[in-house]
């Protein structure tokens, strides 16, 4: 008698199923993921799944090789077929397209687990409060050396070191440290104007760094400039830096309503502010070295930039009104 293993899903889904997917696609995805994890959540199932990568042409031989009973073998094989990870093609059990993708992910996870001790060290490093960001980056590079966990990706770009700053002075200090490292570009979306940061940005402009600024709406900018320039009258050098910065061809500035402050330096280093939910005032900030997240922030910056308005004339008018002398 021919053994029939697994079942095929109907090609056409019911209207109610389609409606459910449209209404709550994430819940549907979670449900499908749960089925996949459940089918593979057993060492016997994983043995069969891995064996199917090269194709299982002889089940009797496979059962003996894996040290399984017929019942255990066919029970788990059926479940793997039912969730769409394995199919029978030309007399052999092989991975489906979904199975091939999941196999690559399983390989990455397997590699990750072999470096578990190193990853635990990284967790301890990210929690350390007495290590500077530069020191943590250097230590992390040493820990991650020769680790090829995710094909085609650098692990340091996925889990780059993260530091938290819970005071504004600490934020300013670390932002200046980032700005001083800038070699190519700075994307800065800010609701604040600080003379110390302005000086650092001016020095970056002198190094030829491309400066792209988004500042909150014009009224707040004007008020902030008045406060800033007023405070700089006792510091001629900083005041000169501010005005020269505004006149620099490397500086591009627009105003737009900002949800929070963030900066990206050389598409590699970034800071993101976390605001208090009700007052929208500063709460804390995170600093990280992660190219992928930086690219995401720059995408957000570009969206805000397209919505913004040029304010160079505002700076010119304001400087004339103040009659600032360099």
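Values in this text are rule-based calculations from the coordinates and carry no lab data. Because the structure is a prediction, the values reported are computed rather than measured. Here the Cβ is made from the backbone with ideal geometry for all residues, glycine too, and neighbour counts use every protein chain on show.
Here are a few things to note about the model shown:
- Going by neighbour counts of Cβ atoms within 10 Å, the residues 167, 190, 112 line up, fewest first, as 167, 112, 190.
- Mean Cβ count within 10 Å, highest first, over the residues of peptides 32-42, 93-103: 93-103, 32-42
- Here the residues 109, 85, 251, ranked from fewest to most Cβ neighbours within 10 Å of their Cβ, fall in the order 109, 251, 85.
- For 57, 279, order by how many other beta-carbon atoms lie within 10 Å, fewest first: 279, 57
- With Cα atoms as the point set, the radius of gyration and Dmax of segment 15-110 evaluate to 14.8, 47 Å.
- Per residue, the convex hull volume that the Cα atoms of segment 84-123 enclose (Å³): 63 Å³
- Average projected area [Cα convex hull, segment 256-298], square nanometres: 3.2 nm²
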